[in-house]
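Presented below is the structure to which this report refers.
Only the coordinates and a few stated rules stand behind these numbers; no lab work does. Fair warning: this is a prediction, and the values are worked out from it, not measured in the lab. A quick note on method: Cβ atoms are made from the backbone with ideal geometry, for glycine too, and the neighbour counts reach across all protein chains shown.
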Amino acid sequence: GRLAAELTGFRRDTRDQITLNTTQLLTQYRNLLEARGQGAEGSVSWRAPGEWMGLFASASYNDLRNTSQTGPYAPFEGDRVPNQPFFSAFGEVRLQRRDTFVSRGVLSAYWNSRFVEEFFRFWESPGLRDSKARVPAQLVHTVGITYRFGTALVANLEMQNVADARTYDLFGIQRPGRALFFKLSGTLDFTTPNHSNEKG
């Protein structure tokens with residue numbers, strides 16, 4: 001088989017970072033004088049001999065904090081920047097079989113899961129933590145089947161949010177639940193044959 005892995009660490013000092021600030025009555029973008037982000041992201045993948053099965057996993061941790069010592073955000077120095085997920089993870093299992101139904105036909109089935117840790121919608125230090133507005137942790141599963149005939153035709157049937165979990169965007173608005181999608185795409189080649197080597 002084939003095994004691949006990647007790991008990256010980072011640290012970033014930023015001035016005048018644009019951040020999303022929310023209250024019960026107002027949502028607007030403002031400049032954060034100084035911020036510091038540090039963390040790591042990594043991935044690992046494995047393909048079985050013959051590529052009949054593939055496994056993939058990745059994770060990302062981004063600790064973005066306010067370091068402003070002056071200005072309107074100085075009271076929140078050391079807090080994580082709100083409305084920013086700091087940890088997420090993804091994993092997928094994929095099975096495939098070549099020459100299915102017809103020559104060059106590839107049938108594949110997959111299952112993937114995505115997790116996002118909960119995060120606050122406002123600065124975390126003032127007030128009681130238990131009473132703060134937050135976007136809860138989210139775990140979403142997706143399952144699908146894809147049939148590919150060469151490069152000319154691809155059909156995909158996918159069900160997102162299989163468990164019908166409650167999911168939210170950065171504004172705390174609930175997203176749609178379980179959904180089923182079908183997609184059919186094709187490619188037409190209008191390339192003119194090259195006859196430059198033919199004799200006149």
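What does the charge count around residue 21 come to, taking other residues whose C-beta lies under 10 Å from its C-beta (Lys +1, Arg +1, Asp -1, Glu -1)?
After counting each charged neighbour, the total is +2.
Given R₀ = 41 Å, what would the calculated FRET efficiency be for residue 36 paired with residue 163, taking r from the Cβ atoms and rounding to 0.05?
Using R0 = 41 Å, I get an efficiency of 0.65.
Which residue, 172, 39, 127, has the most motion in a Gaussian network model of the chain that connects Cα atoms within less than 10 Å?
127
Ratio to report: Rg/Rh of the stretch 23-64, with Cα atoms as the point set and Rh obtained by the Kirkwood method; give two decimals.
Radius of gyration relative to Kirkwood radius: 1.34.
How many nm is it between the label spots at residue 2 and residue 99, if each spot is 7 Å from the Cα in line with the beta carbon?
Taking the two extended label points, one gets 2.0 nm.
Using all alpha carbons of the stretch 49-198, what is the percent of pairwise distances in each 5 Å bin, ordered from the shortest bin to the longest?
Over the stretch 49-198, the share of Cα pairs per 5 Å bin runs 2, 8, 12, 13, 13, 11, 9, 8, 7, 6, 5, 4, 2, 1, 1, 0, 0 percent.
What's the Kirkwood radius of the stretch 88-156 in Å, using all Cα pairs?
Across the stretch 88-156, the inverse of the average 1/r is 15.3 Å.
How much length is gained if the chain between residue 109 and residue 131 is pulled fully straight, taking 0.36 nm per residue apart and subtracting their Cα-Cα distance, in nm to one decimal?
Between residue 109 and residue 131, full extension yields 3.6 nm more.
Given labels modelled 7 Å from the Cα in the Cβ direction, how far is it in nm from residue 89 to residue 44?
1.2
Near residue 32, within a Cβ-to-Cβ distance under 14 Å, what is the net charge of the other residues, with Lys and Arg +1 and Asp and Glu -1?
+1
Looking at the chain as a GNM with Cα springs under 10 Å, which of 31, 112, 83 has the largest mean-square fluctuation?
For the chain, modelled as a Gaussian network with Cα springs under 10 Å, the answer is 31.
Dipole of the chain, Cα-centred, from +1 at each Lys and Arg C-beta and -1 at each Asp and Glu C-beta, to the nearest 20 debye?
The calculated dipole for the chain is roughly 340 debye.
Using a 10 angstrom cutoff on alpha carbons, build the Gaussian network for the chain and name the most mobile of 80, 11, 114.
11
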